[in-house]
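**Q** Sharing a structure below in C-alpha coordinates format, with a few things to ask.
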Amino acid sequence: MSRHNIIVIYLLLVALIPAGHAVAQETEIIKMDVSTPGNNELAPILRDSVLFFISNRRTNLLVTYMDQNEELLYRVLSAPLKSKGNTGPAKLFAPPGQPRFNAGPLTFSSNGATLIATHNLSNDYKHRKNSKKDNRLGLFTARKRNDAWHQFQQITLNASKSHSIGHPSLSRDGSMLFFVSDMEGGYGDTDIYVSHKHGDEWGEPKNLGPGINTAGKELFPFIHPSGKLYFSSDGHSTQGAFDLFHIEWVNSKAVPVPLPIPVNSEYNDYSCFIADDQKWGFFASDRSGDDDIYRFSLPQISCTDPQEVTEDNYCYTFFENGPFKTDTLPYIYRWDFGDGESAVGLEVDHCLPGPGKYAINLSVVDTLLNEELFSVASYNLDLEETNQIWFEDPDTISVGESIDLQASIRGFEGISKNLTFYWDFDSGDSRIGKDIVYTYHTSGKYMITCSTILNDNREVCFYRNIIVNDP
(Lines give C-alpha, C1' and ligand atoms only; values in the text may rest on other atoms or scores of the structure.)
Protein backbone atom coordinates (compact mmCIF):
# COMPACT_ATOMS: atom_id res chain seq x y z
CA MET A 1 0.00 0.00 0.00
CA SER A 2 2.70 2.51 0.97
CA ARG A 3 4.49 2.37 -2.42
CA HIS A 4 1.42 4.13 -3.91
CA ASN A 5 1.82 6.98 -1.43
CA ILE A 6 -1.12 5.95 0.71
CA ILE A 7 0.22 6.37 4.22
CA VAL A 8 -1.65 4.64 7.04
CA ILE A 9 -0.80 6.20 10.39
CA TYR A 10 -3.67 5.07 12.63
CA LEU A 11 -3.82 1.36 11.88
CA LEU A 12 -1.28 -1.30 11.08
CA LEU A 13 -3.03 -4.16 9.29
CA VAL A 14 -1.60 -7.45 10.50
CA ALA A 15 -2.80 -10.99 9.81
CA LEU A 16 -3.00 -12.13 13.40
CA ILE A 17 -2.06 -15.78 13.90
CA PRO A 18 -2.95 -16.79 17.47
CA ALA A 19 -0.07 -17.94 19.56
CA GLY A 20 -0.39 -20.63 22.18
CA HIS A 21 -2.63 -22.86 20.08
CA ALA A 22 -2.50 -26.62 20.38
CA VAL A 23 -4.30 -29.73 19.29
CA ALA A 24 -7.41 -30.13 21.40
CA GLN A 25 -8.41 -33.15 23.39
CA GLU A 26 -11.63 -34.90 22.47
CA THR A 27 -14.71 -35.10 24.63
CA GLU A 28 -14.56 -38.41 26.48
CA ILE A 29 -17.68 -40.49 27.12
CA ILE A 30 -17.80 -43.65 29.24
CA LYS A 31 -20.83 -45.82 29.97
CA MET A 32 -21.17 -46.28 33.73
CA ASP A 33 -21.22 -49.69 35.42
CA VAL A 34 -24.65 -48.94 36.91
CA SER A 35 -26.15 -49.32 33.42
CA THR A 36 -27.78 -52.73 32.98
CA PRO A 37 -29.01 -54.47 29.77
CA GLY A 38 -32.76 -54.41 29.23
CA ASN A 39 -33.39 -51.77 31.90
CA ASN A 40 -33.45 -48.01 31.97
CA GLU A 41 -31.15 -45.91 34.15
CA LEU A 42 -31.36 -42.13 34.12
CA ALA A 43 -31.52 -38.92 36.19
CA PRO A 44 -28.01 -39.12 37.72
CA ILE A 45 -27.05 -36.84 40.60
CA LEU A 46 -23.89 -36.93 42.71
CA ARG A 47 -23.89 -36.31 46.45
CA ASP A 48 -20.97 -37.00 48.83
CA SER A 49 -19.25 -39.27 46.29
CA VAL A 50 -22.43 -41.33 45.88
CA LEU A 51 -24.19 -41.50 42.52
CA PHE A 52 -27.99 -41.50 42.82
CA PHE A 53 -30.13 -42.42 39.81
CA ILE A 54 -33.47 -43.96 38.94
CA SER A 55 -34.05 -47.32 37.29
CA ASN A 56 -36.94 -49.58 36.37
CA ARG A 57 -34.91 -52.73 37.08
CA ARG A 58 -36.50 -55.36 39.32
CA THR A 59 -35.60 -54.59 42.95
CA ASN A 60 -37.78 -57.09 44.83
CA LEU A 61 -38.08 -60.77 43.93
CA LEU A 62 -41.20 -61.29 46.07
CA VAL A 63 -43.29 -58.21 45.26
CA THR A 64 -43.47 -56.60 41.84
CA TYR A 65 -45.36 -53.39 41.21
CA MET A 66 -46.30 -52.48 37.64
CA ASP A 67 -47.83 -49.34 36.22
CA GLN A 68 -50.97 -49.18 34.09
CA ASN A 69 -48.86 -50.03 31.04
CA GLU A 70 -47.58 -53.21 32.72
CA GLU A 71 -44.10 -51.72 33.06
CA LEU A 72 -41.94 -51.92 36.17
CA LEU A 73 -42.06 -48.83 38.35
CA TYR A 74 -38.99 -46.65 38.73
CA ARG A 75 -37.05 -46.59 41.99
CA VAL A 76 -34.08 -44.61 43.23
CA LEU A 77 -30.78 -46.46 43.51
CA SER A 78 -27.38 -45.38 44.77
CA ALA A 79 -23.82 -46.49 44.08
CA PRO A 80 -20.51 -45.31 45.55
CA LEU A 81 -18.29 -43.44 43.11
CA LYS A 82 -14.82 -44.92 42.80
CA SER A 83 -11.64 -42.88 42.51
CA LYS A 84 -11.20 -43.75 38.82
CA GLY A 85 -14.64 -42.44 37.96
CA ASN A 86 -16.74 -45.59 37.89
CA THR A 87 -18.99 -47.02 40.60
CA GLY A 88 -19.36 -49.83 43.08
CA PRO A 89 -22.48 -52.04 43.35
CA ALA A 90 -25.83 -50.24 43.22
CA LYS A 91 -28.41 -50.67 45.95
CA LEU A 92 -31.99 -49.53 46.48
CA PHE A 93 -32.38 -46.12 48.11
CA ALA A 94 -35.70 -46.44 49.93
CA PRO A 95 -35.88 -44.50 53.21
CA PRO A 96 -38.68 -45.60 55.56
CA GLY A 97 -41.75 -43.42 55.35
CA GLN A 98 -41.33 -42.36 51.72
CA PRO A 99 -44.32 -42.74 49.35
CA ARG A 100 -44.91 -46.33 48.30
CA PHE A 101 -44.73 -46.32 44.52
CA ASN A 102 -42.88 -44.58 41.69
CA ALA A 103 -39.76 -42.80 42.91
CA GLY A 104 -38.39 -40.33 40.45
CA PRO A 105 -35.55 -37.80 40.20
CA LEU A 106 -34.42 -36.15 43.41
CA THR A 107 -32.29 -33.25 44.58
CA PHE A 108 -30.37 -32.47 47.77
CA SER A 109 -29.71 -29.27 49.65
CA SER A 110 -26.09 -28.09 49.64
CA ASN A 111 -25.56 -29.27 53.24
CA GLY A 112 -27.15 -32.65 52.52
CA ALA A 113 -29.77 -32.24 55.26
CA THR A 114 -32.81 -31.98 52.96
CA LEU A 115 -33.94 -33.94 49.94
CA ILE A 116 -36.78 -33.32 47.52
CA ALA A 117 -37.92 -36.28 45.41
CA THR A 118 -40.54 -37.06 42.78
CA HIS A 119 -43.23 -39.60 43.80
CA ASN A 120 -46.70 -40.68 42.76
CA LEU A 121 -49.41 -38.73 44.56
CA SER A 122 -51.46 -41.86 45.27
CA ASN A 123 -50.30 -44.79 47.40
CA ASP A 124 -53.22 -46.93 46.27
CA TYR A 125 -52.00 -49.78 44.08
CA LYS A 126 -55.50 -50.25 42.63
CA HIS A 127 -55.28 -46.68 41.41
CA ARG A 128 -52.32 -47.67 39.24
CA LYS A 129 -52.81 -51.10 37.73
CA ASN A 130 -55.32 -51.33 34.85
CA SER A 131 -56.31 -47.76 35.54
CA LYS A 132 -57.19 -45.44 32.70
CA LYS A 133 -56.32 -42.49 34.90
CA ASP A 134 -52.71 -41.59 35.47
CA ASN A 135 -51.36 -41.50 38.97
CA ARG A 136 -49.96 -37.98 38.90
CA LEU A 137 -46.55 -37.03 40.21
CA GLY A 138 -45.72 -34.64 43.01
CA LEU A 139 -42.74 -33.43 45.02
CA PHE A 140 -42.01 -34.69 48.53
CA THR A 141 -39.41 -33.39 50.95
CA ALA A 142 -37.68 -35.03 53.91
CA ARG A 143 -35.11 -34.05 56.55
CA LYS A 144 -32.06 -36.05 57.54
CA ARG A 145 -31.45 -36.80 61.23
CA ASN A 146 -28.97 -39.30 62.64
CA ASP A 147 -28.11 -40.55 59.14
CA ALA A 148 -31.76 -41.37 58.40
CA TRP A 149 -34.51 -39.59 56.46
CA HIS A 150 -37.71 -38.59 58.24
CA GLN A 151 -41.07 -36.93 57.73
CA PHE A 152 -41.73 -37.17 54.01
CA GLN A 153 -44.18 -34.37 53.25
CA GLN A 154 -45.68 -33.22 49.98
CA ILE A 155 -44.77 -29.80 48.60
CA THR A 156 -48.01 -28.45 47.16
CA LEU A 157 -46.76 -25.40 45.22
CA ASN A 158 -50.38 -24.31 44.80
CA ALA A 159 -50.87 -26.84 41.99
CA SER A 160 -53.89 -29.00 41.27
CA LYS A 161 -53.71 -32.78 41.61
CA SER A 162 -54.81 -32.95 37.99
CA HIS A 163 -51.29 -31.87 37.00
CA SER A 164 -47.93 -33.47 37.63
CA ILE A 165 -44.91 -31.84 39.21
CA GLY A 166 -41.50 -33.49 39.13
CA HIS A 167 -37.79 -33.38 38.31
CA PRO A 168 -36.74 -31.03 41.15
CA SER A 169 -33.45 -29.15 41.36
CA LEU A 170 -32.48 -26.95 44.32
CA SER A 171 -30.23 -23.93 43.96
CA ARG A 172 -26.99 -23.92 45.97
CA ASP A 173 -28.38 -21.47 48.56
CA GLY A 174 -31.70 -23.35 48.80
CA SER A 175 -33.77 -20.29 47.85
CA MET A 176 -34.97 -21.55 44.46
CA LEU A 177 -36.61 -24.78 43.41
CA PHE A 178 -36.70 -25.61 39.70
CA PHE A 179 -39.08 -28.30 38.49
CA VAL A 180 -41.14 -29.58 35.55
CA SER A 181 -44.93 -29.52 35.25
CA ASP A 182 -47.74 -29.93 32.73
CA MET A 183 -49.88 -27.36 34.53
CA GLU A 184 -52.15 -25.09 32.53
CA GLY A 185 -50.79 -21.90 31.01
CA GLY A 186 -47.52 -23.40 29.80
CA TYR A 187 -45.96 -23.24 26.37
CA GLY A 188 -45.88 -26.97 25.60
CA ASP A 189 -46.39 -30.48 26.90
CA THR A 190 -44.13 -29.92 29.91
CA ASP A 191 -42.42 -26.70 30.97
CA ILE A 192 -39.76 -25.73 33.48
CA TYR A 193 -40.81 -23.57 36.44
CA VAL A 194 -39.10 -21.96 39.40
CA SER A 195 -40.45 -21.28 42.88
CA HIS A 196 -38.77 -18.99 45.40
CA LYS A 197 -38.67 -19.86 49.08
CA HIS A 198 -40.18 -17.47 51.62
CA GLY A 199 -39.51 -18.65 55.15
CA ASP A 200 -40.58 -22.28 55.24
CA GLU A 201 -42.96 -21.97 52.29
CA TRP A 202 -42.47 -22.12 48.54
CA GLY A 203 -43.94 -19.29 46.51
CA GLU A 204 -46.11 -19.28 43.41
CA PRO A 205 -44.48 -21.19 40.53
CA LYS A 206 -43.12 -18.99 37.74
CA ASN A 207 -42.83 -20.28 34.20
CA LEU A 208 -39.32 -19.63 32.85
CA GLY A 209 -40.78 -18.31 29.61
CA PRO A 210 -40.53 -18.98 25.87
CA GLY A 211 -36.75 -18.47 25.77
CA ILE A 212 -36.46 -21.82 27.55
CA ASN A 213 -39.84 -23.52 27.20
CA THR A 214 -41.15 -24.58 23.80
CA ALA A 215 -44.18 -26.28 22.27
CA GLY A 216 -42.42 -29.59 22.95
CA LYS A 217 -41.12 -31.03 26.20
CA GLU A 218 -38.60 -29.49 28.57
CA LEU A 219 -37.46 -31.90 31.29
CA PHE A 220 -34.82 -32.51 33.97
CA PRO A 221 -33.68 -29.01 34.98
CA PHE A 222 -30.35 -28.87 36.80
CA ILE A 223 -29.42 -25.55 38.38
CA HIS A 224 -25.64 -25.34 38.57
CA PRO A 225 -23.87 -23.55 41.46
CA SER A 226 -22.70 -20.96 38.90
CA GLY A 227 -26.34 -20.00 38.31
CA LYS A 228 -26.40 -21.61 34.87
CA LEU A 229 -29.46 -23.76 34.14
CA TYR A 230 -28.98 -27.09 32.36
CA PHE A 231 -32.04 -28.84 30.96
CA SER A 232 -33.31 -31.35 28.40
CA SER A 233 -35.55 -30.43 25.48
CA ASP A 234 -36.96 -31.84 22.27
CA GLY A 235 -38.27 -28.41 21.29
CA HIS A 236 -34.92 -26.68 20.83
CA SER A 237 -33.35 -29.68 19.11
CA THR A 238 -33.14 -29.76 15.32
CA GLN A 239 -32.91 -33.56 15.30
CA GLY A 240 -36.32 -34.33 16.79
CA ALA A 241 -34.85 -36.08 19.81
CA PHE A 242 -33.99 -34.81 23.29
CA ASP A 243 -30.78 -32.85 23.62
CA LEU A 244 -29.03 -31.22 26.56
CA PHE A 245 -28.77 -27.44 26.78
CA HIS A 246 -27.55 -24.78 29.18
CA ILE A 247 -28.53 -21.13 29.52
CA GLU A 248 -27.78 -18.11 31.71
CA TRP A 249 -31.43 -18.07 32.64
CA VAL A 250 -31.34 -14.71 34.50
CA ASN A 251 -30.14 -13.02 31.30
CA SER A 252 -33.25 -12.26 29.24
CA LYS A 253 -31.14 -11.99 26.07
CA ALA A 254 -29.43 -15.36 26.51
CA VAL A 255 -30.36 -18.30 24.29
CA PRO A 256 -30.03 -22.03 25.05
CA VAL A 257 -26.65 -23.49 24.08
CA PRO A 258 -26.45 -27.21 23.24
CA LEU A 259 -23.83 -29.33 24.94
CA PRO A 260 -21.20 -30.40 22.42
CA ILE A 261 -21.20 -33.54 20.33
CA PRO A 262 -20.83 -36.39 21.25
CA VAL A 263 -22.64 -35.62 24.53
CA ASN A 264 -25.57 -34.66 22.33
CA SER A 265 -26.31 -37.11 19.54
CA GLU A 266 -29.06 -38.13 17.13
CA TYR A 267 -30.57 -40.17 19.99
CA ASN A 268 -32.31 -39.02 23.17
CA ASP A 269 -29.82 -37.38 25.52
CA TYR A 270 -31.14 -35.94 28.77
CA SER A 271 -31.02 -35.64 32.56
CA CYS A 272 -27.54 -34.36 33.38
CA PHE A 273 -25.48 -33.61 36.46
CA ILE A 274 -22.61 -31.15 35.95
CA ALA A 275 -19.60 -30.86 38.26
CA ASP A 276 -18.85 -27.52 39.93
CA ASP A 277 -16.00 -26.76 37.50
CA GLN A 278 -18.26 -27.70 34.55
CA LYS A 279 -15.52 -29.85 33.05
CA TRP A 280 -17.25 -33.20 33.56
CA GLY A 281 -20.56 -34.70 34.54
CA PHE A 282 -23.12 -37.45 34.00
CA PHE A 283 -26.05 -37.78 31.63
CA ALA A 284 -28.45 -40.41 30.29
CA SER A 285 -28.90 -41.51 26.69
CA ASP A 286 -30.67 -44.24 24.75
CA ARG A 287 -27.94 -44.39 22.09
CA SER A 288 -27.29 -48.04 23.01
CA GLY A 289 -30.95 -49.05 22.91
CA ASP A 290 -31.93 -48.63 26.58
CA ASP A 291 -31.52 -45.56 28.75
CA ASP A 292 -28.01 -45.76 30.18
CA ILE A 293 -25.91 -43.41 32.29
CA TYR A 294 -22.68 -42.02 30.88
CA ARG A 295 -19.87 -39.98 32.32
CA PHE A 296 -18.36 -37.28 30.11
CA SER A 297 -15.26 -35.12 30.35
CA LEU A 298 -15.05 -31.96 28.28
CA PRO A 299 -11.82 -30.99 26.51
CA GLN A 300 -9.39 -29.05 28.68
CA ILE A 301 -8.10 -25.85 27.11
CA SER A 302 -4.32 -25.66 27.46
CA CYS A 303 -3.47 -22.28 25.92
CA THR A 304 -0.47 -20.91 27.77
CA ASP A 305 -0.07 -17.66 25.84
CA PRO A 306 -3.48 -16.02 25.31
CA GLN A 307 -3.67 -13.04 22.98
CA GLU A 308 -5.26 -9.76 24.02
CA VAL A 309 -8.55 -8.86 22.36
CA THR A 310 -7.93 -5.93 20.01
CA GLU A 311 -10.29 -3.28 18.71
CA ASP A 312 -10.41 -3.29 14.90
CA ASN A 313 -9.98 0.34 13.81
CA TYR A 314 -10.53 1.15 10.17
CA CYS A 315 -9.50 4.81 10.33
CA TYR A 316 -6.73 6.04 8.01
CA THR A 317 -4.84 9.13 6.94
CA PHE A 318 -4.45 9.25 3.14
CA PHE A 319 -1.60 11.38 1.71
CA GLU A 320 -0.43 12.04 -1.85
CA ASN A 321 2.73 13.78 -3.11
CA GLY A 322 1.23 15.40 -6.18
CA PRO A 323 3.16 16.33 -9.32
CA PHE A 324 2.13 19.97 -9.08
CA LYS A 325 1.00 22.61 -6.65
CA THR A 326 -2.62 23.67 -6.69
CA ASP A 327 -2.21 26.94 -4.78
CA THR A 328 -2.58 29.10 -7.92
CA LEU A 329 -4.66 26.76 -10.05
CA PRO A 330 -8.41 25.95 -9.86
CA TYR A 331 -7.61 22.29 -9.22
CA ILE A 332 -8.21 20.14 -6.18
CA TYR A 333 -7.47 16.59 -5.14
CA ARG A 334 -10.59 14.48 -4.49
CA TRP A 335 -10.52 11.14 -2.73
CA ASP A 336 -13.27 8.56 -3.33
CA PHE A 337 -13.15 5.78 -0.71
CA GLY A 338 -15.42 3.15 -2.27
CA ASP A 339 -17.95 3.40 0.56
CA GLY A 340 -20.03 6.23 -0.88
CA GLU A 341 -17.96 8.89 0.84
CA SER A 342 -15.42 11.36 -0.56
CA ALA A 343 -13.07 14.03 0.73
CA VAL A 344 -11.01 16.88 -0.71
CA GLY A 345 -7.39 17.68 0.08
CA LEU A 346 -3.80 16.64 -0.25
CA GLU A 347 -4.02 14.88 3.13
CA VAL A 348 -7.33 13.57 4.46
CA ASP A 349 -8.53 11.44 7.36
CA HIS A 350 -11.29 8.90 6.80
CA CYS A 351 -12.80 5.97 8.71
CA LEU A 352 -14.09 3.09 6.59
CA PRO A 353 -17.23 1.40 7.95
CA GLY A 354 -15.68 -2.04 8.51
CA PRO A 355 -14.11 -5.05 6.84
CA GLY A 356 -14.55 -5.41 3.11
CA LYS A 357 -13.07 -4.53 -0.28
CA TYR A 358 -12.72 -0.83 -1.08
CA ALA A 359 -11.67 0.81 -4.36
CA ILE A 360 -9.73 3.93 -3.35
CA ASN A 361 -9.44 6.54 -6.12
CA LEU A 362 -7.59 9.85 -6.16
CA SER A 363 -8.41 12.30 -8.94
CA VAL A 364 -7.75 15.91 -9.87
CA VAL A 365 -10.88 18.04 -10.31
CA ASP A 366 -11.24 21.38 -12.10
CA THR A 367 -13.31 23.46 -9.69
CA LEU A 368 -14.30 25.98 -12.38
CA LEU A 369 -15.76 23.40 -14.72
CA ASN A 370 -16.60 20.94 -11.92
CA GLU A 371 -15.04 18.20 -14.02
CA GLU A 372 -12.57 15.48 -13.23
CA LEU A 373 -9.41 16.14 -15.23
CA PHE A 374 -7.61 12.87 -14.64
CA SER A 375 -7.08 10.08 -12.13
CA VAL A 376 -3.86 10.21 -10.16
CA ALA A 377 -4.05 6.70 -8.75
CA SER A 378 -6.47 3.87 -7.90
CA TYR A 379 -5.89 1.31 -5.17
CA ASN A 380 -7.79 -1.72 -3.91
CA LEU A 381 -7.88 -1.93 -0.14
CA ASP A 382 -8.95 -5.30 1.30
CA LEU A 383 -9.74 -5.01 5.01
CA GLU A 384 -10.29 -8.06 7.18
CA GLU A 385 -11.31 -8.55 10.77
CA THR A 386 -8.62 -9.58 13.21
CA ASN A 387 -8.66 -13.33 13.87
CA GLN A 388 -9.80 -13.50 17.47
CA ILE A 389 -12.48 -14.42 19.99
CA TRP A 390 -14.29 -11.15 20.48
CA PHE A 391 -15.93 -10.09 23.72
CA GLU A 392 -16.31 -6.82 25.57
CA ASP A 393 -16.00 -6.00 29.25
CA PRO A 394 -15.91 -2.76 31.23
CA ASP A 395 -12.54 -1.40 32.31
CA THR A 396 -13.67 -1.28 35.94
CA ILE A 397 -16.56 -2.64 37.98
CA SER A 398 -17.43 -2.85 41.65
CA VAL A 399 -17.41 -5.93 43.84
CA GLY A 400 -20.81 -7.63 43.54
CA GLU A 401 -21.62 -5.99 40.21
CA SER A 402 -22.61 -8.42 37.44
CA ILE A 403 -21.05 -8.27 33.99
CA ASP A 404 -22.58 -9.67 30.81
CA LEU A 405 -20.14 -11.37 28.47
CA GLN A 406 -20.94 -12.56 24.94
CA ALA A 407 -18.31 -14.41 22.94
CA SER A 408 -18.14 -14.49 19.14
CA ILE A 409 -15.61 -15.52 16.53
CA ARG A 410 -14.16 -12.86 14.23
CA GLY A 411 -11.88 -13.26 11.26
CA PHE A 412 -11.45 -17.03 11.24
CA GLU A 413 -12.89 -18.71 8.15
CA GLY A 414 -14.99 -21.87 7.97
CA ILE A 415 -16.14 -21.70 11.58
CA SER A 416 -19.11 -23.65 12.91
CA LYS A 417 -21.86 -21.69 14.64
CA ASN A 418 -21.95 -24.15 17.53
CA LEU A 419 -18.55 -23.58 19.11
CA THR A 420 -18.22 -24.11 22.84
CA PHE A 421 -16.56 -21.24 24.72
CA TYR A 422 -14.56 -21.79 27.91
CA TRP A 423 -14.05 -18.88 30.33
CA ASP A 424 -11.48 -18.39 33.07
CA PHE A 425 -11.97 -15.42 35.39
CA ASP A 426 -8.56 -15.47 37.09
CA SER A 427 -10.38 -15.88 40.41
CA GLY A 428 -10.55 -19.66 40.61
CA ASP A 429 -13.87 -19.67 38.74
CA SER A 430 -14.54 -20.97 35.26
CA ARG A 431 -17.62 -21.09 33.06
CA ILE A 432 -18.71 -22.68 29.79
CA GLY A 433 -21.01 -20.99 27.31
CA LYS A 434 -21.36 -18.23 24.74
CA ASP A 435 -23.31 -15.85 26.99
CA ILE A 436 -22.10 -15.53 30.56
CA VAL A 437 -23.18 -13.45 33.53
CA TYR A 438 -20.42 -13.25 36.14
CA THR A 439 -19.84 -11.44 39.44
CA TYR A 440 -16.52 -10.84 41.22
CA HIS A 441 -16.64 -10.92 45.00
CA THR A 442 -13.10 -9.72 45.71
CA SER A 443 -11.38 -6.56 44.53
CA GLY A 444 -8.28 -6.73 42.36
CA LYS A 445 -7.01 -6.80 38.78
CA TYR A 446 -8.15 -9.84 36.81
CA MET A 447 -7.56 -11.30 33.36
CA ILE A 448 -10.71 -12.71 31.76
CA THR A 449 -9.73 -15.42 29.28
CA CYS A 450 -12.05 -16.95 26.69
CA SER A 451 -11.02 -20.04 24.73
CA THR A 452 -12.56 -22.32 22.15
CA ILE A 453 -11.71 -25.20 19.84
CA LEU A 454 -11.91 -24.38 16.12
CA ASN A 455 -13.14 -26.70 13.40
CA ASP A 456 -9.57 -27.73 12.57
CA ASN A 457 -9.21 -28.87 16.20
CA ARG A 458 -6.96 -25.97 17.23
CA GLU A 459 -7.38 -24.27 20.57
CA VAL A 460 -7.35 -20.47 20.57
CA CYS A 461 -7.64 -18.18 23.57
CA PHE A 462 -7.94 -14.42 24.07
CA TYR A 463 -8.14 -12.16 27.09
CA ARG A 464 -9.18 -8.77 28.40
CA ASN A 465 -8.20 -7.18 31.70
CA ILE A 466 -10.66 -5.83 34.26
CA ILE A 467 -10.24 -3.96 37.54
CA VAL A 468 -12.67 -4.76 40.36
CA ASN A 469 -12.98 -2.04 43.01
CA ASP A 470 -14.35 -2.39 46.52
CA PRO A 471 -16.70 0.58 46.98
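**Q** How about region 150-259: which strands (runs of 3 or more DSSP E) wholly inside it have at least 3 residues that are open to solvent by 20 Å² or more (accessible area, probe 1.4 Å)?
**A** 191-198, 218-223
**Q** Taking the residues in region 344-380 that are open to solvent by less than 80 Å² (accessible area, probe 1.4 Å) and aromatic (Phe, Trp, Tyr) as candidates, determine which candidate is nearest to PHE318 (Cα to Cα).
**A** By that ranking, first place goes to TYR379.
**Q** Only residues that are open to solvent by 30 Å² or more (accessible area, probe 1.4 Å), of a type in the set (Val, Ile, Thr) and either in a loop (DSSP other than H, G, I, E, B) or at pLDDT 90 or above (or both): list them for region 306-343, please.
**A** Correct list: THR310, THR326, THR328.
**Q** Let me ask something else. Here are GLU384, GLU401, GLU392, GLU413: which of them is under 30 Å from VAL348 (Cα atoms) and open to solvent by 10 Å² or more (accessible area, probe 1.4 Å)?
**A** That would be GLU384, the only listed residue that is under 30 Å from VAL348 (Cα atoms) and open to solvent by 10 Å² or more (accessible area, probe 1.4 Å).
**Q** Residues in region 251-267: is at least one at pLDDT below 95 and at positive phi?
**A** Among the residues of region 251-267, not one is at pLDDT below 95 and at positive phi, which makes the answer no.
**Q** Please tell me if ASP290 is farther than 30 Å from LEU381 by Cβ and either in contact (Cβ under 8 Å) with a residue 60 or more places away in the chain or among the aliphatic types (A, V, I, L, M) (or both).
**A** Yes: the conditions hold for ASP290.
**Q** Looking at (1) under 19 Å from ASP234 (Cβ atoms); (2) outside any strand (DSSP E or B), which is the one condition that is false for CYS303?
**A** If we test CYS303 against (1) under 19 Å from ASP234 (Cβ atoms); (2) outside any strand (DSSP E or B), just (1) comes out false.
**Q** Also: Kindly indicate whether any position in region 455-465 is hydroxyl-bearing (Ser, Thr, Tyr), open to solvent by 10 Å² or more (accessible area, probe 1.4 Å) and either assigned to a strand (DSSP E or B) or free of Cβ contacts under 8 Å to residues at least 60 places away in the same chain (or both).
**A** The answer is yes; a qualifying residue exists.
The values are calculated or read from the model by the stated rules, or taken from the named source; none is laboratory data. Since the model is a prediction, treat every value here as computed from it, not as a measurement. Don't worry about glycine lacking a Cβ; one is built from the backbone with ideal geometry, like all the others, and counts go over all protein chains shown. When the accessible area is computed, the model is the full protein with side chains, heavy atoms only, and any ligands, DNA or RNA have been set aside. Shrake-Rupley method; radii C 1.70, N 1.55, O 1.52, S 1.80 Å.
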